[in-house]
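The values are calculated or read from the model by the stated rules, or taken from the named source; none is laboratory data. In this text, all values refer to a predicted model and were calculated from it rather than measured experimentally. Ideal geometry is used to build each Cβ from the backbone, glycine not excepted, and the neighbour counts take in all protein chains shown. These accessible areas exclude ligands, DNA and RNA; they are computed on the full protein's heavy atoms, side chains included. Shrake-Rupley method; radii C 1.70, N 1.55, O 1.52, S 1.80 Å.
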Protein chains: 2
Amino acid sequence: MLQKNINICLSPDLIHLYEVKNKVVVVTDIFRATSCMVTGLANGIASFTPIATISECAHLQSLGYIAAAERDAKKVDGFELDNSPFSYMDPLLKGKNIAMTTTNGTLSISKVKKDAAQVLVGAFLNIETIANYLIEQNEDLIILCAGWKGTPSLEDSLFGGALVDLLKSNFKIADDSATMTYRLFKEAKNDLRAYLQEASHLKRLSGLGIEKDIDFCLTRELYSVLPILIEDKLVLK
Amino acid sequence: MLQKNINICLSPDLIHLYEVKNKVVVVTDIFRATSCMVTGLANGIASFTPIATISECAHLQSLGYIAAAERDAKKVDGFELDNSPFSYMDPLLKGKNIAMTTTNGTLSISKVKKDAAQVLVGAFLNIETIANYLIEQNEDLIILCAGWKGTPSLEDSLFGGALVDLLKSNFKIADDSATMTYRLFKEAKNDLRAYLQEASHLKRLSGLGIEKDIDFCLTRELYSVLPILIEDKLVLK
């Protein structure tokens with residue numbers, strides 16, 4: 001069997017450099033879009049439809065979706081849900097379909113959904129389930145880090161490195177971004193929270209008083225679920 | 001005095017995300033364009049004119065420039081000089097003007113030259129001179145890593161981190177890319193050569209039999225020179 005490759009794309013603004021076709025893409029936006037999606041699906045939400053723009057999100061809202069819209073880490077007026085994972089544990093949301101647009105995460109999904117063989121959503125919350133599934137697939141892998149408005153972010157890079165750590169016996173590390181994030185993760189892994197103290201997005205979020213979201217999003221394998229994009233909806237496999 | 005910021009841009013394909021105006025930009029392409037430029041200027045070459053395309057380079061050649069053209073780490077047929085720093089030590093080149101196009105480095109310079117307050121060229125070969133000069137400037141700093149065809153590279157990232165290490169008392173680390181490269185450099189600094197063993201561009205170059213270029217390009221402060229772009233020419237300040 002040919003060895004499968006891992007590439008890490010540190011920003012959706014670099015994804016045009018990667019051949020996405022026939023590959024599995026794992027999109028991650030640790031603080032907080034993909035952590036919300038994993039949490040919601042694990043708690044009974046039927047689906048998330050990731051949307052790139054506010055106006056498309058409003059359109060789906062008018063069709064009966066529950067709408068979540070975040071820009072600059074804050075909820076957009078006129079939409080039901082914010083970008084905190086705790087909001088997606090509400091029992092009243094069970095069985096519902098959510099339309100979601102966020103600054104970075106849903107934009108990243110929208111950039112790869114047409115071409116990739118499979119699009120999965122990963123977070124520390126489901127990292128082991130994701131890794132075990134990827135080991136069973138035959139395709140090369142691209143981990144797409146959502147970052148912050150196009151620039152790479154420390155937390156998404158560390159997730160990439162953590163996934164490389166779990167996959168390195170089964171995949172070949174195929175680019176320097178994968179090497180770099182893996183080395184950063186190895187240095188960080190004994191205390192991710194402390195290592196992230198200087199992360200710019202953590203500073204952004206701290207100002208909003210959502211420290212508990214941070215600790216929650218760094219919890220490893222709390223939910224053994226596999227969110228996968230089928231047509232335009234993210235559902236559990 | 002307001003504290004100055006350092007941002008690191010890991011790829012020329014991300015430079016549109018940064019406000020370049022009124023900033024000092026240090027462009028680096030360790031293997032090997034900026035190492036060649038530093039070496040050449042330190043050895044008496046009068047100027048380098050960085051060119052984005054092969055055809056523009058051929059045009060300057062027809063006007064009497066000595067032309068250097070590299071693509072995919074190899075010399076392009078019809079041009080005089082390759083991309084090895086040793087080629088730029090030739091005493092016959094003293095006082096000459098070079099037109100140079102490379103896969104990554106000269107493209108990066110061309111992307112910032114119109115807007116930046118100053119464009120400098122940095123390499124490990126002149127890192128301390130660059131750092132001392134930057135400390136005296138009043139502007140914010142962007143370190144632009146040339147990478148490889150748009151993707152980030154380990155060696156350019158480590159140079160960014162090494163420069164952050166020299167500047168951290170005088171500048172504020174302003175983004176996660178600067179944090180990440182600084183941490184990678186701290187881990188790597190005792191043996192850069194060994195740390196780079198997995199770098200993809202090193203593998204690319206090893207196949208071309210230019211190991212001695214690698215060791216040379218990693219030599220620290222061999223030349224205490226400051227290459228700066230004046231109009232379209234890179235000259236010594």
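Only one entry in B:GLU56, B:GLU80, B:GLU19, B:GLU70 is more than 24 Å from A:MET180 (Cα to Cα) and free of Cβ contacts under 8 Å to residues at least 12 places away in the same chain, namely B:GLU19. Sub-8 Å Cβ pairs linking a first residue in segment A:168-179 that is under 16 Å from B:THR181 (Cα atoms) to a second residue that is assigned to a loop (DSSP other than H, G, I, E, B), at least 6 apart or interchain, are A:ASP176/B:PRO152; A:ASP176/B:SER153; A:ASP176/B:ALA199; A:SER177/A:LEU10; A:SER177/B:PRO152; A:THR179/B:ALA199, ordered by first then second residue.
A count restricted to segment B:191-228 and to residues that are away from every other protein chain (no Cβ under 14 Å), aromatic (Phe, Trp, Tyr) and open to solvent by less than 30 Å² (accessible area, probe 1.4 Å) stands at 1.
Output the number of residues of segment A:37-82 satisfying the condition of being closer than 12 Å to A:ILE98 by Cα and part of a loop (DSSP other than H, G, I, E, B). Qualifying residue count, segment A:37-82: 10. Of the listed requirements (1) within 14 Å of chain A (Cβ to nearest Cβ); (2) open to solvent by 30 Å² or more (accessible area, probe 1.4 Å); (3) in contact with a Phe, Trp or Tyr (Cβ under 6 Å, 6 or more places away or on another chain), B:ALA42 misses just one: (1).
Given (1) touching an Asp or Glu at 6+ places or on another chain (Cβ under 9 Å); (2) within 19 Å of A:ALA131 (Cα to Cα); (3) open to solvent by 40 Å² or more (accessible area, probe 1.4 Å), identify the lone condition not met by A:LYS74. Unmet condition: (2). Figure legend. Inter-residue proximity from segment A:137-154: first residues more than 13 Å from chain B (Cβ to nearest Cβ), second residues modelled with pLDDT under 95 and in a strand (DSSP E or B), beta-carbon distance below 8 Å, spacing 6+ or different chains. No pairs are indicated. Across segment A:179-190, the number of residues qualifying as open to solvent by less than 80 Å² (accessible area, probe 1.4 Å) and more than 8 Å from chain B (Cβ to nearest Cβ) comes to 4.
Condition first: part of a helix (DSSP H, G or I) and over 20 Å from A:LEU184 (Cβ atoms). Now tell me which residues in segment B:194-207 satisfy that.
Hits for segment B:194-207 are B:LYS203, B:ARG204, B:LEU205, B:SER206.
Looking only at residues in segment B:1-18 that are in a loop (DSSP other than H, G, I, E, B) and within 12 Å of chain A (Cβ to nearest Cβ), the one that is surrounded by the fewest Cβ atoms within 10 Å (Cβ to Cβ) is B:TYR18. State all residues of segment B:156-178 that are among the hydroxyl-bearing types (Ser, Thr, Tyr) and within 11 Å of another protein chain (Cβ to nearest Cβ); if no residue qualifies, say none. Across segment B:156-178, the qualifying residues are B:SER157, B:SER177. Please work out which one of (1) surrounded by fewer than 19 Cβ atoms within 10 Å (Cβ to Cβ); (2) within 20 Å of the chain's Cα centre (by Cα) is the condition B:LEU63 fails and give its number. With respect to (1) surrounded by fewer than 19 Cβ atoms within 10 Å (Cβ to Cβ); (2) within 20 Å of the chain's Cα centre (by Cα), B:LEU63 is out only on (2).
Checking the structure you have, find out if any residue of segment B:161-178 is under 16 Å from B:ILE30 (Cβ atoms), open to solvent by less than 50 Å² (accessible area, probe 1.4 Å) and not in a helix (DSSP H, G or I). No, that holds for no residue.
Of everything listed in (1) closer than 28 Å to B:LEU14 by Cα; (2) β-branched (Val, Ile, Thr); (3) within 18 Å of the chain's Cα centre (by Cα), the single unmet condition for A:ILE173 is (3). Scanning segment A:96-136 for residues that are open to solvent by 10 Å² or more (accessible area, probe 1.4 Å), more than 14 Å from chain B (Cβ to nearest Cβ) and assigned to a loop (DSSP other than H, G, I, E, B) yields A:LYS96, A:LYS113, A:LYS114, A:ASP115, A:ALA117.
Residues in segment B:137-160 that are on the phi > 0 side of the Ramachandran plot and either surrounded by fewer than 24 Cβ atoms within 10 Å (Cβ to Cβ) or part of a helix (DSSP H, G or I) (or both): B:LYS149, B:GLY150.
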